[in-house]
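To start, the structure itself, in structure tokens.
The values are calculated or read from the model by the stated rules, or taken from the named source; none is laboratory data. Note that this is a predicted model, so its numbers are computed, not measured. Every residue, glycine among them, receives a Cβ derived from its backbone with ideal geometry; neighbour counts consider all protein chains shown.
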């Protein structure tokens with residue numbers, strides 16, 4: 001009995017442990033939301049790294065093309081000297097025959113790789129001066 005003379009109702013069966021279930025559900029919701037946020041941040045970080053390596057590859061390919069045109073013409077098939085590259089990158093500049101038997105025009109292919117994977121390829125033509 002309480003101070004007003006009424007009896008307190010006994011607890012209903014099944015209502016015990018309600019707080020534990022609510023806490024478990026709230027914890028699961030936070031885990032799902034937290035996992036989603038972490039996955040999103042990871043994807044953004046990975047795509048940012050890929051974009052940066054692709055931009056560096058493009059800059060290297062353009063620099064190589066500019067450097068290549070400052071060098072004397074080489075008879076195809078041959079390789080031109082390359083520009084200095086950052087760690088992990090490699091550049092090749094190959095002069096190929098465009099038409100068989102015509103050494104006055106060549107197709108130049110510049111390939112930039114990043115840790116062995118192709119990052120950028122540029123092709124152009126060069127004519128003997």
Pick from the stretch 84-93, criterion surrounded by 16 or more Cβ atoms within 10 Å (Cβ to Cβ) and more than 17 Å from the chain's Cα centre (by Cα), ranking: nearest to residue 56 (Cα to Cα): 85
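Okay, residues lined up against (1) farther than 26 Å from residue 116 by Cα; (2) touching a strand residue (DSSP E or B) at 6+ places or on another chain (Cβ under 6 Å); (3) part of a loop (DSSP other than H, G, I, E, B):
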{"position": "21", "(1), (2), (3)": "yes, no, no"}
{"position": "41", "(1), (2), (3)": "yes, no, no"}
{"position": "49", "(1), (2), (3)": "no, no, no"}
{"position": "55", "(1), (2), (3)": "no, no, no"}
{"position": "59", "(1), (2), (3)": "no, no, no"}
{"position": "75", "(1), (2), (3)": "yes, no, yes"}
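Among the residues of the stretch 97-104, is there at least one that is outside any helix (DSSP H, G or I) and either exposed (fewer than 10 other Cβ atoms within 10 Å of the Cβ) or at pLDDT 95 or above (or both)?
yes
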Some residue of the stretch 113-123 being part of a loop (DSSP other than H, G, I, E, B), at pLDDT below 95 and surrounded by 12 or more Cβ atoms within 10 Å (Cβ to Cβ): no
